[in-house]
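Colleague: This structure is in structure tokens; I'll ask about it shortly.
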Amino acid sequence: MRLRLLGDPKASDLLIFFAGWAMDERPFLPLCPRGMRVAVLFDYRDLTLPELPPARGRTLVLAWSLGVYAALYHLERLPARMVFLAGTGAFRDRLYGIDPRVLDLTLAALKEKGTPVLERFYRRMFVREDAYRRFLKHAPQRALAEVIQELEVAGGLPALFPEIPAGARILIPEKDAVIPPPAQERFWKQTGGAFELFSEGHFPFYARQDLLAWFHHVP
């Protein structure tokens with residue numbers, strides 16, 4: 001995993017954000033909450049958790065997409081105040097994640113055709129064209145070979161079904177075209193976690209003011 005620190009370096013509150021596959025910190029630069037430090041984690045070719053900055057105040061955890069798996073993997077080391085968004089602990093799984101056939105076809109297409117396939121994936125994350133255009137202005141700048149390797153590693157991760165902390169919030173976008181909402185629902189029912197549905201696509205962040213909004217508002 002890689003770590004990028006955003007926001008106010010003098011802030012006492014810390015938001016730990018586990019981003020998704022093929023991401024870096026750039027799409028989230030406009031979403032840093034005022035008065036908070038944000039630790040953006042990405043690149044899951046190696047699930048080792050980097051050393052996180054200390055926080056004198058609150059520490060919150062937001063995990064999205066493949067980042068949900070990474071957060072569940074390190075669950076015992078994280079505070080209970082967390083939000084799981086548009087992801088599961090079974091990334092390549094017919095019942096609880098992405099259908100293995102779909103993931104394998106995506107991986108093969110990435111290797112054969114390259115960047116246009118990654119761009120199509122980015123477009124599938126969005127329901128609204130305006131949100132997608134905003135994303136393109138802050139698009140990740142990851143090397144293609146790197147994100148291919150990341151997807152290969154993610155495809156081989158074993159499923160995790162940990163006990164979910166009582167203080168956690170679980171959010172499922174009803175229009176998610178990346179990780180099927182029924183698969184997300186099955187996963188969280190299996191873990192016993194109560195979830196909420198809301199009307200958005202896989203990348204819902206630009207529909208809210210900032211990253212902190214997911215802790216305060218009902219979708």
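The values are calculated or read from the model by the stated rules, or taken from the named source; none is laboratory data. Remember, it's a predicted structure, so these values are computed and weren't measured experimentally. Glycine gets a Cβ as well: all are built from the backbone with ideal geometry, and neighbour counts include every protein chain shown.
Colleague: In region 181-207, how many are out of contact with any Asp or Glu (no Cβ under 8 Å at 6 or more places or on another chain), modelled with pLDDT of 95 or more and in a loop (DSSP other than H, G, I, E, B)?
Modeller: Total meeting the criteria: 2.
Colleague: So which residues in region 118-147 are small (Gly, Ala, Ser) and part of a helix (DSSP H, G or I), if there are any at all?
Modeller: Correct list: Ala131, Ala145.
Colleague: If you go through region 92-106 one residue at a time, do you hit one that is in contact with a strand residue (DSSP E or B) (Cβ under 7 Å, 6 or more places away or on another chain) and surrounded by fewer than 17 Cβ atoms within 10 Å (Cβ to Cβ)?
Modeller: yes
Colleague: Starting from residues that are under 17 Å from the mean Cα position of the chain (by Cα) and more than 19 Å from Leu151 (Cα to Cα), keep the ones in region 11-26 and report whichever is surrounded by the fewest Cβ atoms within 10 Å (Cβ to Cβ).
Modeller: Here the residue is Arg26.
Colleague: From the residues in region 123-163 that are under 17 Å from the mean Cα position of the chain (by Cα) and without any contact (Cβ under 8 Å) to a residue 40 or more places away in the chain, which one is surrounded by the most Cβ atoms within 10 Å (Cβ to Cβ)?
Modeller: Ranking the qualifying residues of region 123-163, first place goes to Tyr132.
Colleague: While we're here: Would you pick out the residues in region 1-33 that are of a type outside the set (A, V, I, L, M, F, W, C), touching a residue at least 60 places away in the same chain (Cβ under 8 Å) and out of contact with any strand residue (DSSP E or B) (no Cβ under 8 Å at 6 or more places or on another chain)?
Modeller: Residues satisfying the conditions are Arg26, Pro27, Pro30.
Colleague: Here are Phe126, Phe161: which of them is out of contact with any Asp or Glu (no Cβ under 8 Å at 6 or more places or on another chain) and more than 26 Å from Ala213 (Cβ to Cβ)?
Modeller: Phe161
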